Every structure is written in structure tokens, then in C-alpha cells.
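The values are calculated or read from the model by the stated rules, or taken from the named source; none is laboratory data. Everything quoted here is computed from the prediction, not taken from an experiment. No Cβ is skipped: glycine too gets one built from the backbone with ideal geometry, and neighbour counts run over all protein chains shown.
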């Protein structure tokens, strides 16, 4: 279905908004809620923008960006928080990768 990277969800401390890709609406509501809480808390803690993006191979990446010159963005805290999420939410992240590969992956 997809031939390039696909955003699953994202949160922005700048706009105080959360985005969830409607293509993934079939995910259980509890998973959608957990993703929202995880993303929003991340941006509340360190600032910037957190995006969960599926790579072409189905790997789920956690990407953090910030506006240039943002003195409030915690770059060190961002890296620490990403590693914490990868450790504490490992099962969720792996399940999402499997879901993506099964339902959206290359069927060739």
C-alpha cells in the first residue's frame, strides 16, 4: 500500500496538537490512547515534535525535531526519553511493527 515512510502519529509542543493517521483507525482504542499519552507526555517533558514513523522496511522510528533556536527544547532529555520509551514500550512498539507489516506491508 505504501511505498515510502508513513507517519503513525505525532505530537507538537509548539502547536499543542496531536495527530493520529486515520489509516490506522483499526488499531484498538487502548493502543491509540497509549500512543497519544506517550507522545503528548514526551512533548510536555522535553518540548519539540515527536513523530512515530514507519520506515519502508516496516521498522518504527521515533523521530524528534525542534525549531531552530528553541532554547526551551531539552536535547539531552529528548535522547534519554526516547531510550526510556524504547525500553519500557518495547512490546508495544514491536506489536505495531508487526501490525504494519501484516496489514500494510509489501504483499509481493
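Brief remarks on what is shown
- Of everything listed in (1) within 19 Å of residue 101 (Cβ to Cβ); (2) over 14 Å from the mean Cα position of the chain (by Cα); (3) surrounded by 13 or more Cβ atoms within 10 Å (Cβ to Cβ), the single unmet condition for residue 56 is (3).
- Top-ranked residue in region 28-55 [being part of a loop (DSSP other than H, G, I, E, B) and in contact with a strand residue (DSSP E or B) (Cβ under 9 Å, 6 or more places away or on another chain); ranked as nearest to residue 86 (Cα to Cα)]: 55
- Condition broken by residue 61, with the remaining ones in (1) surrounded by 14 or more Cβ atoms within 10 Å (Cβ to Cβ); (2) within 11 Å of the chain's Cα centre (by Cα); (3) not in a helix (DSSP H, G or I) satisfied: (1)
Matching residues to (1) within 11 Å of the chain's Cα centre (by Cα); (2) buried (at least 17 other Cβ atoms within 10 Å of the Cβ); (3) at pLDDT 95 or above:
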{"residue": "24", "(1), (2), (3)": "no, yes, yes"}
{"residue": "35", "(1), (2), (3)": "yes, yes, yes"}
{"residue": "47", "(1), (2), (3)": "no, yes, no"}
{"residue": "68", "(1), (2), (3)": "no, no, no"}
{"residue": "77", "(1), (2), (3)": "no, no, no"}
{"residue": "87", "(1), (2), (3)": "no, no, yes"}
{"residue": "92", "(1), (2), (3)": "no, no, yes"}
